[in-house]
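Data block below; observations after.
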There are 2 protein chains.
Amino acid sequence: MHDGPASGAGRIEELIAAAARGSVRATARLITLIESGEDRAAAVSAALVGRPRRARLLGVTGPPGVGKSTLVTAFIGRYRARGARVAVLAVDPSSPFSGGALLGDRVRMGEHSTDPGVYIRSMSSRGELGGLSAATAGAADLLAAVGFDVVIVETVGVGQNEVAVLRLADTVLLVLAPGLGDGVQAAKAGILEIADVLVVNKADRDGVATTVRDLRSMIALGRSGQAGGAAWRVPVLTTIAAGSPAGGGPVGLDELVAAVDAHREHLAEHPGPQRRAVRRAQAAVEAIALRRLQESLHAPAGRDLLAAAAAQVADGTVDPHAAAARVLRMLTTGG
Amino acid sequence: MHDGPASGAGRIEELIAAAARGSVRATARLITLIESGEDRAAAVSAALVGRPRRARLLGVTGPPGVGKSTLVTAFIGRYRARGARVAVLAVDPSSPFSGGALLGDRVRMGEHSTDPGVYIRSMSSRGELGGLSAATAGAADLLAAVGFDVVIVETVGVGQNEVAVLRLADTVLLVLAPGLGDGVQAAKAGILEIADVLVVNKADRDGVATTVRDLRSMIALGRSGQAGGAAWRVPVLTTIAAGSPAGGGPVGLDELVAAVDAHREHLAEHPGPQRRAVRRAQAAVEAIALRRLQESLHAPAGRDLLAAAAAQVADGTVDPHAAAARVLRMLTTGG
């Protein structure tokens with residue numbers, strides 16, 4: 001354990017108690033601990049064992065520019081109107097080019113910025129593959145354990161990086177725009193397979209009908225062998241979240257929120273062969289295992305092992321696979 | 001080992017011999033084996049132990065749209081003119097949005113497509129974090145071992161995903177365009193730190209001078225504590241790879257190729273405290289270790305361990321970090 005005085009078990013208990021009383025500062029501090037490495041994340045996690053979690057986890061993804069932020073803002077408004085406390089984790093697992101496509105800072109300054117029932121946090125990759133999923137899993141679990149009713153995990157993209165993050169959610173909402181071909185990419189990456197609700201936003205643009213029809217056929221093809229108990233029919237909705245250019249208000253938001261609610265009810269009634277909580281735990285344990293390994297490789301003992309192995313590989317005396325197997329074995333048993 | 005008859009040791013020896021005689025088909029088949037999983041990649045790697053590698057590895061990266069493909073095509077032309085055999089691995093580690101930004105298929109149909117001294121291959125992520133770096137390391141090593149003189153690893157983006165791939169290269173070339181702010185992103189992600197040559201392409205656009213000046217100050221700031229032996233002064237060049245719109249030919253390509261050559265000579269004269277071959281081996285061993293772990297987690301034994309751990313975590317009886325540590329230990333010692 002690398003615990004300093006600022007992250008010892010007693011201090012963590014205090015922070016959790018404060019976060020449960022609604023302290024934004026304590027919540028932020030705990031998430032920073034979770035992000036800062038496996039040892040501290042493990043200490044926070046251990047202190048949360050046994051606390052009830054009633055939160056629903058909603059995952060929202062889609063390519064940049066489709067209006068995810070507007071939709072997430074709409075969800076926050078609806079859930080707040082019901083009295084729910086809402087947290088948003090804005091996660092960007094892909095390259096920095098998508099920067100700014102996430103809700104993060106925009107809403108922080110927007111209509112919900114002064115609402116104590118709303119907590120918004122950006123999670124950014126610190127260069128460790130797997131580290132972001134592990135930290136997001138930890139942060140989502142913390143938010144659930146300190147009393148948030150809804151945790152929205154927003155991620156940008158329709159690639160494989162997103163799948164790991166979205167597997168944490170109870171309900172996955174995929175947001176697309178008409179005619180971009182992103183549906184095909186989402187299908188390839190496996191996102192279509194885990195999406196529970198699809199929405200084509202900016203439905204005042206050309207090509208909506210075609211996009212909706214294409215998505216419906218892709219779903220029909222992909223879902224035939226789907227596990228998960230009684231069949232959930234994945235709806236494909238259309239919205240104009242920002243209102244129509246002709247001056248009309250937003251279109252389709254009530255129906256979208258209703259579809260997400262319906263999925264939640266479906267889950268409650270049909271828990272299926274594998275509960276979502278187990279699926280979520282599995283995604284978390286896998287992400288944490290990878291992060292632990294990466295941290296071990298970068299810690300002094302791991303560096304030494306790697307350097308020794310690399311020297312042999314560079315000399316041509318050992319092949320890199322044998323070297324990697326040996327490093328793995330020594331790291332996980334030696335420490 | 002999952003070796004079928006098509007990938008047994010004898011068959012691999014045959015393929016390697018054929019690839020060394022210049023068979024494109026055998027080379028492609030071997031890279032497919034390397035991509036298809038750790039066991040097969042390890043079998044290919046083991047069969048390559050002891051073969052000399054004289055290839056130089058050039059890494060090229062930069063955001064989409066800056067003209068990487070044109071520059072890589074120019075490099076291929078110059079190296080071919082010297083009689084070198086050139087291989088290109090086009091790697092896309094980020095989300096599928098950047099699809100099409102890489103050389104891959106474009107050149108395959110272009111001027112070098114019928115040249116037997118040029119081999120071009122796209123490497124795409126198969127959903128496994130770390131898997132792409134491991135497969136790229138294996139493919140680059142194979143190409144070096146079967147007699148290519150130059151292996152160009154082209155990757156798209158300036159994010160952290162690219163760093164893992166670029167660490168395999170002897171010389172890293174970062175390509176930017178004027179005034180995009182991508183230099184700052186590259187610096188944040190750590191690419192600026194590992195870049196050996198910088199080029200601002202599309203130098204007929206506004207803002208070139210500012211971009212070059214900004215990059216020079218960023219380099220000056222970041223390089224002060226740089227390891228690597230006698231100081232290499234990272235040059236910032238400008239090119240108009242596609243020729244100027246006024247009808248002029250390409251500008252600055254000779255100087256760019258000369259700068260990359262100069263870096264190679266510098267490496268030969270100043271191997272530094274850590275040889276590039278060792279750095280490369282270290283990157284490869286690390287990527288392979290992560291890939292091995294991921295594959296173990298998805299193999300039947302790993303799945304069972306994960307499922308059992310997830311059930312306990314979902315019940316709230318075990319925290320996910322303790323569960324992950326246990327899974328790691330059992331996987332690396334049990335198998």
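The values are calculated or read from the model by the stated rules, or taken from the named source; none is laboratory data. Treat the numbers as computed from the prediction; the structure is a model and nothing was measured. Neighbour counts run over all protein chains shown; Cβ positions are idealised from the backbone, glycine included. Side chains are part of the model used for accessible areas, which takes the heavy atoms of the whole protein and leaves out ligands, DNA and RNA. Shrake-Rupley method; radii C 1.70, N 1.55, O 1.52, S 1.80 Å.
Is at least one residue of segment B:236-248 modelled with pLDDT of 90 or more and of a type in the set (S, T, N, Q)? Checking segment B:236-248: at least one residue is modelled with pLDDT of 90 or more and of a type in the set (S, T, N, Q). Checked against (1) within 11 Å of chain B (Cβ to nearest Cβ); (2) within 25 Å of A:A187 (Cα to Cα); (3) modelled with pLDDT of 90 or more, A:G59 passes all but a single condition, namely (1).
In segment B:131-156, the residues that are more than 13 Å from chain A (Cβ to nearest Cβ) reach residues that are of a type in the set (K, R) with C-beta atoms within less than 6 angstrom, at least six apart or across chains, in these pairs: B:F148/B:R85; B:D149/B:R85; B:V150/B:R56. Picking from residues in segment B:309-328 that are more than 7 Å from chain A (Cβ to nearest Cβ) and under 21 Å from B:H298 (Cβ atoms), the one that is least open to solvent (accessible area, probe 1.4 Å) is B:Q312.
Considering (1) within 8 Å of chain B (Cβ to nearest Cβ); (2) out of contact with any Lys or Arg (no Cβ under 9 Å at 6 or more places or on another chain); (3) open to solvent by 60 Å² or more (accessible area, probe 1.4 Å), the lone condition that A:V285 does not fulfil carries the number (3).
Within segment B:60-86, residues that are in contact (Cβ under 8 Å) with a residue 12 or more places away in the chain reach partners that are assigned to a helix (DSSP H, G or I) and open to solvent by 50 Å² or more (accessible area, probe 1.4 Å) with beta carbons closer than 6 Å, at six or more positions or on different chains, in the pairs B:S69/B:R106.
Across segment B:27-43, the number of residues qualifying as among the polar types (S, T, N, Q) and assigned to a helix (DSSP H, G or I) comes to 2.
Of all residues in segment B:67-95 being assigned to a helix (DSSP H, G or I) and within 29 Å of B:A134 (Cβ to Cβ), which is modelled with the lowest pLDDT?
Going residue by residue through segment B:67-95, those that are assigned to a helix (DSSP H, G or I) are B:68-81.
Next cut, within 29 Å of B:A134 (Cβ to Cβ) only: B:68-69, B:71-73, B:75-76, B:79.
Working: B:K68: 89, B:S69: 86, B:L71: 93, B:V72: 92, B:T73: 90, B:F75: 94, B:I76: 94, B:Y79: 95.
Across segment B:67-95, the extreme among qualifying residues is B:S69.
Taking the criterion of being more than 9 Å from chain A (Cβ to nearest Cβ) and surrounded by 21 or more Cβ atoms within 10 Å (Cβ to Cβ), the residues of segment B:178-197 that qualify are B:G183, B:I191, B:L192, B:A195, B:D196, B:V197. Condition first: within 14 Å of chain B (Cβ to nearest Cβ), modelled with pLDDT of 85 or more and under 30 Å from B:I34 (Cβ atoms). Can you find one or more residues in segment A:264-280 that meet it? No: segment A:264-280 contains no residue that is within 14 Å of chain B (Cβ to nearest Cβ), modelled with pLDDT of 85 or more and under 30 Å from B:I34 (Cβ atoms). Being in contact with an Asp or Glu (Cβ under 8 Å, 6 or more places away or on another chain), over 30 Å from A:A144 (Cβ atoms) and either modelled with pLDDT of 90 or more or loosely packed, with under 15 Cβ neighbours inside 10 Å (or both) is a property that does not hold for B:R292.
Return yes when B:R280 is more than 25 Å from B:A135 (Cα to Cα) and among the basic types (K, R) and no when it is not. So B:R280 fails the test. Return a yes/no flag: does segment B:295-309 have any residue that is of a type in the set (S, T, N, Q), within 25 Å of the chain's Cα centre (by Cα) and under 30 Å from B:R56 (Cα atoms). Taking every residue of segment B:295-309 in turn, none turns out to be of a type in the set (S, T, N, Q), within 25 Å of the chain's Cα centre (by Cα) and under 30 Å from B:R56 (Cα atoms). Tell me, please, whether a residue that is more than 21 Å from A:I288 (Cα to Cα), over 19 Å from the mean Cα position of the chain (by Cα), of a type outside the set (K, R) and not assigned by TED's automatic domain parsing to the domain that holds A:V251 can be found in segment A:78-91. No: segment A:78-91 contains no residue that is more than 21 Å from A:I288 (Cα to Cα), over 19 Å from the mean Cα position of the chain (by Cα), of a type outside the set (K, R) and not assigned by TED's automatic domain parsing to the domain that holds A:V251.
Scan A:I76, A:I16 and give me the residue that is of a type in the set (V, I, T), within 14 Å of another protein chain (Cβ to nearest Cβ) and open to solvent by less than 60 Å² (accessible area, probe 1.4 Å).
A:I16
Screening the candidates A:E162, A:E154 for the property of being assigned to a helix (DSSP H, G or I) and buried (at least 24 other Cβ atoms within 10 Å of the Cβ) yields one hit, A:E162. If you filter segment A:296-308 down to residues that are surrounded by fewer than 18 Cβ atoms within 10 Å (Cβ to Cβ) and more than 8 Å from every other protein chain (Cβ to nearest Cβ), you find that the one that is modelled with the lowest pLDDT is A:H298. Among all residues of segment B:294-301, there is none that is under 27 Å from A:A43 (Cα atoms) and either among the charged types (D, E, K, R) or touching a strand residue (DSSP E or B) at 6+ places or on another chain (Cβ under 8 Å) (or both). Scanning segment A:33-63 for residues that are under 19 Å from the mean Cα position of the chain (by Cα) and either closer than 21 Å to A:D115 by Cα or open to solvent by 60 Å² or more (accessible area, probe 1.4 Å) (or both) gives A:S36, A:R53, A:R54, A:A55, A:R56, A:L57, A:L58.
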